[in-house]
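Have a look at the structure below before the remarks.
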Amino acid sequence: DGDSRAAEISAPEAPAPEALAPEVPAPLGLLAELTHRCPLHCPYCSNPVELERRSGELDTATWTRVLSEAAALGVLQVHLSGGEPTARRDLEQIVAHCAEVGLYSNLITAGVNLTRARLEALADRGLDHVQLSVQGPDAAGNDRIAGLTGAFAQKLELAGHVRALGLPLTLNCVIHRHNIDGLEQVIELALALGAHRLEIAHAQYYGWALRNRSALMPQRAQVEAAMATLERARSAHQGRLVIDAVVPDYYARLPKPCMGGWGRRSLNVTPSGKVLPCHAAETLPGLVFDNVRDRPLAEIWYRGSAFEAYRGTAWMPEPCRTCERREIDWGGCRCQALALTGDAANTDPACHKSPHHARIHSLAETEADEDTDFAYRGYSKSKA
Ligand code: SF4
Ligand code: FES
């Protein structure tokens, strides 16, 4: 009718992404943090200490729109994450929509409260991959770190269902002082469960993990032993199990190319719709984050001020500015630079060229000797 014609005529034309910023590559991956709700309480969680409540979460229609926009933008893979994404009752619709728009969907789950029937329903709707976390290689250790009795048994059961349904399985274990000595058993567990990939993810100190750093930091000798175990396991199980791992930052000589470079490969959408260049970006002062409720994803990716802030190399100070690795690691991690040097624009102190480098080694060694209790992840009591 006439009204809708008028609306069509006056609607602004969506700018073509390449016109927005031809030098910027399209993102490949999107981390969809569907919710911060989670039955587990892991102290190493990288979610912010102030967790988003259910009332602030995006609804189904907004998520499906965002996923369509992501596919149009060039995203290939969506990691359905959280919190625990299965806490969303509309996960089936979200998965179905990923399949509809041609996005490869990876469910990142703690494997608790996910029945075989529901997993089957997700597989029927086109779920491509499951990434299951374990907190340790046995029930006692796993459940203590997860803060939930019986979690380990449920995870093993779920892994069986994933394989029985023919879905590829990645096992993920965040490594820290309390489970690093069990690395050999984690690898055996991955093999026993029929996992295709094992991610040995040394704790990254953001959000809850930063709060718990002195309770989690491993000792240098533990890290060295773990690296040797990994090397042995990689060659022993070649062709059967892919093992991904990186050196933990605080004991590293070179930084990780965090997120594959700021605003280069991937983006995060928080439960309430904020679009972040990385999961900890909200800790950086002075950045303004666009929300998918207000602006198309392509515009946010190509033109959002938070994405432009540290994209490329122009923002870099010395020693990064003239370093031959500046387009390899992109200066490391902005959030770590902020947390450890007070300035997000500094070289990541995990780099041996950073003037702060020696200090993070000694900080790690001091904290590794501290006997600190876990602050388990959860909603703050004052607002509960
Ligand atoms: Fe990377 Fe900067 Fe260190 Fe060079 S100086 S290795 S670019 S962090
Ligand atoms: Fe934010 Fe690395 S976590 S840049």
If a residue must be within 9 Å of ligand 2 (Cβ to nearest atom) and either at pLDDT below 95 or charged (D, E, K, R) (or both), how many such residues does region 259-277 contain? 1
Give me the pairs: first residue in region 324-342 and assigned to a helix (DSSP H, G or I), second residue near ligand 1 (Cβ under 7 Å from one of its atoms), beta-carbon distance under 7 Å, and six or more apart or on different chains, which are they? Q336/D348; A337/T347; A337/D348
Please go through region 306-323 and give me each residue that is open to solvent by 30 Å² or more (accessible area, probe 1.4 Å), within 12 Å of ligand 1 (Cβ to nearest atom) and assigned to a helix (DSSP H, G or I), ordered by number. R321, T322
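Could we say that V95 is surrounded by 22 or more Cβ atoms within 10 Å (Cβ to Cβ), of a type outside the set (G, A, S) and touching a Lys or Arg at 6+ places or on another chain (Cβ under 8 Å) here?
So V95 fits the description; yes.
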Among the residues of region 329-342, are any modelled with pLDDT of 95 or more, more than 9 Å from ligand 2 (Cβ to nearest atom) and open to solvent by less than 20 Å² (accessible area, probe 1.4 Å)? yes
Spans of helices (runs of 4 or more DSSP H) in region 180-237 with at least 1 residues within 16 Å of ligand 2 (Cβ to nearest atom): 207-211, 213-216
I'd like to check something: does region 266-277 contain any residue that is under 22 Å from the mean Cα position of the chain (by Cα), surrounded by 20 or more Cβ atoms within 10 Å (Cβ to Cβ) and polar (S, T, N, Q)? yes
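Determine, yes or no, whether L241 is without any contact (Cβ under 8 Å) to a residue 60 or more places away in the chain, more than 12 Å from C333 (Cα to Cα), surrounded by fewer than 21 Cβ atoms within 10 Å (Cβ to Cβ) and within 11 Å of ligand 2 (Cβ to nearest atom).
Details: without any contact (Cβ under 8 Å) to a residue 60 or more places away in the chain: yes; more than 12 Å from C333 (Cα to Cα): yes; surrounded by fewer than 21 Cβ atoms within 10 Å (Cβ to Cβ): yes; within 11 Å of ligand 2 (Cβ to nearest atom): no.
When the stated conditions are applied, L241 does not pass them.
Scan region 53-92 for residues that are in a helix (DSSP H, G or I), of a type outside the set (S, T, Y) and open to solvent by 50 Å² or more (accessible area, probe 1.4 Å) and report the count.
Here is the first cut: in region 53-92, the ones in a helix (DSSP H, G or I) are 54-56, 60-73, 85-87, 91-92.
With the extra rule that they be of a type outside the set (S, T, Y), the set shrinks to 54, 56, 61, 63, 65-67, 69-73, 85, 87, 91-92.
Retained after the next criterion (residues that are open to solvent by 50 Å² or more (accessible area, probe 1.4 Å)): 54, 61, 65, 72.
Of the residues in that region, 4 qualify.
Among the aliphatic types (A, V, I, L, M), open to solvent by less than 30 Å² (accessible area, probe 1.4 Å), within 16 Å of ligand 2 (Cβ to nearest atom) and modelled with pLDDT of 90 or more: does that describe A350? Steps first, answer last, please.
Details: among the aliphatic types (A, V, I, L, M): yes; open to solvent by less than 30 Å² (accessible area, probe 1.4 Å): yes; within 16 Å of ligand 2 (Cβ to nearest atom): yes; modelled with pLDDT of 90 or more: yes.
Yes.
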Checking the condition part of a loop (DSSP other than H, G, I, E, B) and either surrounded by 21 or more Cβ atoms within 10 Å (Cβ to Cβ) or at pLDDT below 90 (or both), which residue from E50, E8, E18 passes? E50
Per-region count, region 198-245, residues of a type in the set (S, T, Y) and touching a Leu at 6+ places or on another chain (Cβ under 7 Å): 1
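The values are calculated or read from the model by the stated rules, or taken from the named source; none is laboratory data. What you are looking at is a predicted structure, and each value in this text was computed from that prediction instead of being measured. Cβ coordinates were reconstructed from backbone atoms using ideal geometry, including for glycine residues, and neighbour counts include every protein chain displayed. Each accessible area value is taken on the protein alone, full model and side chains, heavy atoms only, with ligands, DNA and RNA left out. Shrake-Rupley method; radii C 1.70, N 1.55, O 1.52, S 1.80 Å.
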